[in-house]
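Q: This is the structure I want to talk about, given as C-alpha cells.
The values are calculated or read from the model by the stated rules, or taken from the named source; none is laboratory data. Please read all numbers here as calculations on a predicted model, not as lab measurements. All Cβ positions, even for glycine, are placed from backbone atoms using ideal geometry, and neighbour counts span all protein chains on display. Calculation scope for accessible area: heavy atoms of the full protein, side chains included, ligands and nucleic acids excluded. Shrake-Rupley method; radii C 1.70, N 1.55, O 1.52, S 1.80 Å.
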Amino acid sequence: MEFNEAKTKFVQTWGALGSQWGINKTMAQIHALLMVSHEPVSMEDIMEELQISRGNASMNLRALMDWGIVYKEYKAGERREFFTAEKDLDELAVKISRERSKREIKPALKILKEVSSIPSGSDAAQQHFVDQTTKLYDFVLKADNILDKVTEFNDNWLGRMIIKLMK
C-alpha cells in the first residue's frame, strides 16, 4: 500500500468511527487529515482532499476549534488560514473527554437527577422507576467524577510524570 492510499484509508476509517463516537463523519475526517499532516493545512487543501464545500469545511473546522483539538495557524506572507490538530495523544484524549462530559454526560446527569427526584409514592412501578433512575444517576455521576479526576491528574506535573513513566 502506498502513502496516499494509506492516508486516504486512515482518513475514511477515522471518519466512519467518528459517527459512532457521536460526531459527524466530515468533522472526524478533517480531524484525521490534520492529525496525520506533518505541517499545517489550508482550508482549500482540506476542501480538495476531502471533496467538501467551503461551508462544510468552515463549519467543521470551527467545531473542532471549539473542542480545542484544532488550531488556526498563520504563515508569513500567506493570506490563507492554515490549521493543525493537537498531536499529543494524551492531551487529545483529555480534551475530548472534557468536551464529551460537558456536552453529553452533564446534561444526562441533570435529567437523571430531575426524573429520579419525583415522589416515589406507594405504586410499585413508580417506586421501581425512582430506584432505577437513582441508581443510574449515582453510577453516571461516579463515572463522570472518575473522568474528571483522570483529566485533572493529567493536568498536574506529577500526574504527567507518572503517566510518562507508565508508558
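Q: Among the residues of the range 69-89, write down those that are modelled with pLDDT of 90 or more and under 18 Å from Q29 (Cα atoms).
A: Initial filter on the range 69-89 (modelled with pLDDT of 90 or more): 69-73, 80-86.
Those that are modelled with pLDDT of 90 or more and under 18 Å from Q29 (Cα atoms): I69, V70, Y71, K72, F82, F83, T84, A85, E86.
Q: Of everything in the range 116-152 that's more than 28 Å from V94 (Cα to Cα) and among the small types (G, A, S), which residue is nearest to the chain's Cα centre (by Cα)?
A: Of everything passing the filter in the range 116-152, S116 is nearest to the chain's Cα centre (by Cα).
Q: When you scan the range 7-52, how many residues do you find that are assigned to a helix (DSSP H, G or I) and open to solvent by 20 Å² or more (accessible area, probe 1.4 Å)?
A: Final tally of qualifying residues: 22.
Q: Can you work out which of the residues in the range 79-90 that are farther than 12 Å from L34 by Cα and touching a residue at least 12 places away in the same chain (Cβ under 8 Å) is most open to solvent (accessible area, probe 1.4 Å)?
A: Checked the range 79-90; the qualifying residue most open to solvent (accessible area, probe 1.4 Å) is R80.
Q: If you take the residues in the range 115-166 that are among the acidic types (D, E) and at pLDDT 90 or above, which one is nearest to S97 (Cα to Cα)?
A: Applying the filter and picking the extreme gives D138.
Q: Residue under question is R62, and the condition is that it be loosely packed, with under 14 Cβ neighbours inside 10 Å, at pLDDT 90 or above and in contact with a helix residue (DSSP H, G or I) (Cβ under 8 Å, 6 or more places away or on another chain); does it hold?
A: Values: loosely packed, with under 14 Cβ neighbours inside 10 Å: yes; at pLDDT 90 or above: yes; in contact with a helix residue (DSSP H, G or I) (Cβ under 8 Å, 6 or more places away or on another chain): no.
Criteria not met by R62.
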